[in-house]
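Some notes on the structure that comes next.
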Amino acid sequence: MSLSLIGIIFVQSYFINKSLQDEREQFKLSVKRSLSFTSNEIEEIEFANFIEKLQQYKVDKEPDSTLLRKIFVTLDDEANDQTIVHSNIVVEERFRSPSLFFEIDADSIDLSSFSNQRVTEVYNNSSLYEGLRSPIKKTNEVTELPEETKRLMQKNSFKDLIKAYDYPIYKRINQEKLEDLLRKNLSNQGIDIDFEYAIYDEDLSTKIKSDNFEITKSSRGIEILLDDNNESPYRLWIDFPGRNKFLVSSILLMIVLSIVFTSIIVIAYSSAIYQLIKQRQISQIKTDFINNMTHEFKTPIATINLALDAIKNPKIIGDAEKVKRYLGMIKDENKRMHAQVENVLRISKLEKNELNISKERIKLHDLVEDAITHVELIVEDRKGYVKLHLNAVKSSILANETHFTNVVVNILDNAIKYSDNTPEIDVYTENVGNNILLKIADKGNGMSKQVQKKVFEKFYREHSGNVHNVKGHGLGLAYVKRIIDDHQGHISVESEKGKGSTFIVSLPLIS
C-alpha cells in the first residue's frame, strides 16, 4: 500500500511537471509567433506610410524617353505568312522628395519607381504593302510590372534609403502603436497578461521601452525592421512578470483535482493504517484485561474453594468460630469479585448513556473527607499519610454523592498502589473564578509523558516487568474521567517519572 501510494504521488507529480513544461514550451512558441507578426506589421505600416507620403512628390507623370529600356523580338511564321513582333519596355518613374520628409541634411532626394509594358503584335505579310503594315492582332499587353514585384522593388529602395541615412528608430516606430500591436497579437495567441517590452540597438536600450523592462533569462526577442540582407541592429524584447502564475493557472484545475484525489487516497490510506494500529492496540489491551481479570478472579475463587474444603472437614465444621471465620472470608471474596464485575458493567453503561446519575447540592470538602475514610486504614498500615489542605472558601457543587466519592477513592487508591515506598498524599482545594480545583498529589512512581496521554483510556495500564505487580484492570481512571465529564468538569494529570503525580480536577461551583 505504501509503495503504491508513493508511486501514485510520483506519477501525479511527473505528469503535472510534464504538463507545466509543455505549457512553458507552448507559451514560448506563442510569444515567438506574436513577436513575428508584430515585426511584420511594423514594417508594413512604416512602408505604407512611406508610399502614401511619396505620391505627392512624383515628378514625371509620363515616361522619360531617355530612361526607356526596350527589347524587341521578331519571329517569322512562314506557314501562316505572318510576322510576330514582341516588345518589352521598362519605364522608370522619377520622384523627388524634399529633405524635410526625411529630416536629413540634403536639399532633395531622387527616387525611382519602375513599370513594365510588354506588347506582342502579329503582321500579315501577303495582304499588306511593304511599309504600310499594321498589326492585325495585338495580344498579351501588360502595362505594369506585377504588383508584388513592383512593391518589392519599392520596398528594397526604401530599405536602402533608410540604411543610407541611419534614420533614428524612435522616429520610425510609434510606441503606442507598437504596444497595441503586441497586445493584439499576444491576445490572438491566448496570452492575456501584463508584459514589459523594449527595443534595443545592439546592446543599448532605445527610447522605445516600457517603464519597468529588464532583460532576464525568460525574456524573448526578435529582430525588427530588417534590411534587404535580412539583418538589423534593432531587436524587440518582451518579458512577462506574471509568466509563472499564468502558466500554473493554465493547468490549475488539473493540479487541484490531482491534489484533491491524492489527498483522499492519502487520508483513506492513513485512516486504514490508523485503524489497523488501533485494532492491534485494542486487541493487546483486551488481552491484558482478560489476563488481569482472570488473575484477579483466580485468587478469590481459590480462597473460596479452600474455605469450603476447610468447612467440610469434620474437625472444623464442629468449630463454630472457625466456620464463621471461613464464611466471612467467602463473603469478602465474593464481594470483591462482585465489585470488579460492577465496575466493568458501570463503564459499559456509561458508554451507552444508560447509567442514571442523579445530582444534588453537595460540599466537595465533605466528599473528600468521606473518601479518605475508605483508604486511611490501608495508608496507616503502610506507615503513610493523607494530609488535607482545603483552602477553598466555596466548595458547593452539583454532584452525585456515591459516584463522586468513588472518583476520589479511585484517585487515592491509584496514589497508594503506585507508591512503592511509603504512600505520602496531599489533597488541596482552591477557588479559581467560578470553579473549584481539587488536587491530589503523591510522591509515588510517577508516569512518563507517553503514559500521561493514555492514562484515562479504557483498559489501559502501564506495562512493567510484571504486569500483575499492581492489582487492577485499567478501568478505574476511565470511570473517573467519564463521571467528571458527566459533571461538566475536567481532569488532567501532571507527573514526572520517579517523582510522583498530581491529578487536578476542575468543577463548576453553584451559588
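The values are calculated or read from the model by the stated rules, or taken from the named source; none is laboratory data. In this text the structure is predicted, and so the values were computed from the model without any measurement. So basically every Cβ, Gly included, is an ideal-geometry build from the backbone, and we count neighbours across all protein chains shown. These area figures cover heavy atoms from the full protein model, side chains too; ligands, DNA and RNA do not enter into them. Shrake-Rupley method; radii C 1.70, N 1.55, O 1.52, S 1.80 Å.
For segment 482-494, the set of residues classified as closer than 22 Å to G433 by Cβ and assigned to a helix (DSSP H, G or I) consists of I484, D485, D486, listed by residue number. Listed conditions (1) among the acidic types (D, E); (2) surrounded by fewer than 14 Cβ atoms within 10 Å (Cβ to Cβ); (3) touching a helix residue (DSSP H, G or I) at 6+ places or on another chain (Cβ under 9 Å) are all met by D413, apart from (2). Any idea which residue in segment 237-265 is most open to solvent (accessible area, probe 1.4 Å), counting only those that are touching a helix residue (DSSP H, G or I) at 6+ places or on another chain (Cβ under 7 Å) and of a type in the set (G, A, S)? Among those that are touching a helix residue (DSSP H, G or I) at 6+ places or on another chain (Cβ under 7 Å) and of a type in the set (G, A, S), it is S250.
Summed over segment 266-312, residues that are surrounded by 15 or more Cβ atoms within 10 Å (Cβ to Cβ) and either modelled with pLDDT of 90 or more or under 34 Å from the mean Cα position of the chain (by Cα) (or both) total 1.
Summed over segment 375-385, the residues that are in a helix (DSSP H, G or I) and in contact with a Ser or Thr (Cβ under 8 Å, 6 or more places away or on another chain) give a count of 0. Is it true that some residue in segment 418-427 is among the acidic types (D, E), touching a Gly at 6+ places or on another chain (Cβ under 6 Å) and open to solvent by less than 30 Å² (accessible area, probe 1.4 Å)? No: zero hits. Consider segment 44-69 and keep the residues that are within 16 Å of Q175 (Cα to Cα) and surrounded by 15 or more Cβ atoms within 10 Å (Cβ to Cβ). The one that is modelled with the highest pLDDT is I45.
Restricting segment 187-221 to residues that are of a type in the set (D, E, K, R) and touching a strand residue (DSSP E or B) at 6+ places or on another chain (Cβ under 9 Å) leaves a set whose member that is farthest from F27 (Cα to Cα) is K207.
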